[in-house]
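The values are calculated or read from the model by the stated rules, or taken from the named source; none is laboratory data. Being a predicted model, the structure only gives us computed values, none of them experimental. Every residue, glycine among them, receives a Cβ derived from its backbone with ideal geometry; neighbour counts consider all protein chains shown. The area values use the complete protein model at the heavy-atom level, side chains included, leaving out ligands, DNA and RNA. Shrake-Rupley method; radii C 1.70, N 1.55, O 1.52, S 1.80 Å.
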Amino acid sequence: MKRPASTVIATIIVLGLAILGVALTFGDLELSGGDQSPEWSVLGTADDRIPGLQTPWAVACDSDGTTLIVDRGRAQVIRVDRDGQTVARWGRTGSGPGEFNRPTGIAVDVNRRVYVVDGGNDRVQVFTTSGVPIAVWGHSGSGAGEFDGPYGIAIWRDTALVTDRENHRIQTFDLDGQFMNAFGRRGSDDLGLERPTGIAVDANGITYVADTGNARVRIVNPPDRHGVRIPIDDWGRSSDDDTMSPAPLGLAIARDGTVYTTDEITADVTARDPTGRVTGRWVRGTNLPDLRVPIGIGIDRTGSLIVTDRGAGRVHQISRDGSAVASWGRAYSGAGQFVGPIGVAFDHDGNVLVAEFGADRIRKLSPTGTPLADWGRRGIGPGEFDGPYGIAVDSEGRILVSDRDNSRLQWFEADGTPMSVWGGSGSGMGDFANPSGVAIAPNGRILVADTVNHRIKSIAPSGQVLAVWGHEGDAPGEFRYPRGVATDPEGRVYVADFGNNRVQVFSPDGQFIRTWGRAGDGPGDFDWPLGIAVDPPGMVLVLDTDNSRIQRFTPDGKLLEIWGRTGNEVGEFLWPDGIAVAPDGTVVVADTANGRLQVRRPGHAFTTGEMISRALWRWWNV
């Protein structure tokens, strides 16, 4: 119903004064039955086995045979010997010298000085071999020598090259931190970059950049006498559709010119010759390490690949033929501990179900966190998994799990007994390609984010595919690697469009309704949204994963509140990847890189502003 502007204004004033008066008299308003104890509580702990890796992210190989590992979760740099034994460790969370906030890149120069990209602090820090701070470059901004979310770093001769991710460019500095030049701009044309991440330089000065947002690797000439760099080639979806990694992140170059890339979505390592021809691709197998989410990559002095695996909390040493040499870090989890929890859901008794991606199993916990049951192991048979990701419960208590790297869905009885398997790898109507988020609508329809096929599928309880929508792109109704999916009581479908940094909303049959969000770290912006859920009042909760927070919106995309920040204290997050809401409003979040769950129970205080916005939303939609 269209309301006159005068009516709207008058109602806002009266309603605001009324709620303000109540707030002044009684304090912050609460949901009935709640209290004001701390909003968040923690279930479970990370399994931090030797050498204490939590979120291994970037890696650099030193000339003495040791390996430097950036542990993003612990905000530390760890130096290990060839056996994986810790030689040195430095850093902690903060913004002072030697402190880090979401470090993401590392490199070593010929003098063995260590350069660390301190992404959350928008700077580069330089250290001695033992971790003594030497210098700091940069601060927040978009000017010369300033950064907005720097990510990767490479050293060539006397030059450091840094990927300035949110400024969509590469900046070059001398080794004392003096700005030299910048190249790149936001876009997908010949000079364009979209949120570049990894970077490597070969012996001739040719630079390879993981242009992650454009799903390609850019190749750039060495600088001319004016310091200008010209792109000379790219390997990507425009020219190499069937072989290019969808989300290249890490880059390393061997002495013979072979270029290695890691991919977070397909969980593989790819080798290419200097012309771009694929010469090897390793995912997992009998002779391969159990890659979960490979991020960083380096090459040691023996020629072995060193790969950081965020999903398993491990670092793998791999020979150049793809066979496993060694792995460092935790290998499994015990009762009350997690390795890579991702999908979460509530069963009908209020218990929490967890898809433990890093351990290939499903866990069931009581509402207070007591372990009740678990099932699953790595494999391809019924009840076995290769990266369980999304999880949902239907009206009869049956459990649906997306078995991501087996490209299928599995159904279980409430006690974990296998029932049926749907799908298989492919792009046909009944196929999947790394499915991730799953949701069950009020009418029983199953919604699946078919991630690498860039589409959403609606499936009947019988398994019949009812509707499919979407393909790769950034127009309304198109997707780039959709990850989370949720439905509201009216059956509308909400999608976390990961690669496009937005939320899209659709009718139950897939008709586009609206979208909101863009890349960034401001209110309402997203940096890799992964999970999404709808709470009992119909508000939309979005996991803004790389910003380590949850944003809560009205159904039409108006921001209501933001929960959390980067860290490992209660109410802080590190790479949260799964979210669910119980009928009573309890929220559970898979705080993935912290190796735990966090629970927010009903009864927290609502601000006056939120009460006004909630009341206006309901009144306007009467």
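Between residue 301 and residue 275, the contour length at 0.36 nm per residue exceeds the Cα-Cα span by 7.0 nm.
Using the average count of surrounding beta-carbon atoms within 10 Å as a protection proxy, the listed peptides 438-445, 353-360, 253-260, 595-602 rank, highest first, as 353-360, 595-602, 438-445, 253-260. Highest mean packing comes first when the peptides 266-277, 70-81 are listed by Cβ atoms within 10 Å, giving 70-81, 266-277.
Say R0 is 51 Å: what FRET efficiency, to the nearest 0.05, do residue 348 and residue 475 get from their beta-carbon distance?
0.80
Among residues other than residue 395 with Cβ under 12 Å from its Cβ, the summed charge is -1 (Lys and Arg +1, Asp and Glu -1). Using the Cβ-Cβ distance between residue 113 and residue 370 with R0 set to 56 Å, the FRET efficiency from 1/(1 + (r/R0)^6) comes to roughly 0.70.
For region 393-440, what % of the accessible area comes from carbon and sulfur atoms, probe 1.4 Å?
Values: 770 of 1720 Å².
C and S atoms contribute 45 percent here.
Subtracting the Cα-Cα distance of residue 254 and residue 425 from their residue separation scaled by 0.36 nm leaves 58.4 nm. Solvent-accessible area of residue 348, all protein chains in place: 120 Å² (probe radius 1.4 Å, heavy atoms, ligands and nucleic acids excluded). Extension gain, residue 321 to residue 157: 0.36 nm times the residue separation minus the Cα-Cα distance gives 56.1 nm. In this label model, residue 467 and residue 144 are separated by 5.4 nm, measuring between points 7 Å along each Cα→Cβ vector.
Taking all protein chains together and a 1.4 Å probe, the residues 575, 156 rank 156, 575 from largest to smallest accessible area. The orientation-averaged shadow of the Cα convex hull for region 380-487, equal to a quarter of the hull surface, comes to 6.1 nm². Shown is the FRET efficiency for residue 174 and residue 518, computed with R0 = 25 Å from the Cβ-Cβ distance and rounded to the nearest 0.05: 0.15.
Cβ under 11 Å from residue 219's Cβ, residue 219 left aside: what net charge do those residues give with Lys, Arg +1 and Asp, Glu -1?
Neighbourhood net charge equals 0.
Counting Lys +1, Arg +1, Asp -1, Glu -1, what net charge surrounds residue 210 among other residues with beta carbon under 12 Å of its beta carbon? Summing Lys/Arg as +1 and Asp/Glu as -1 gives -1.
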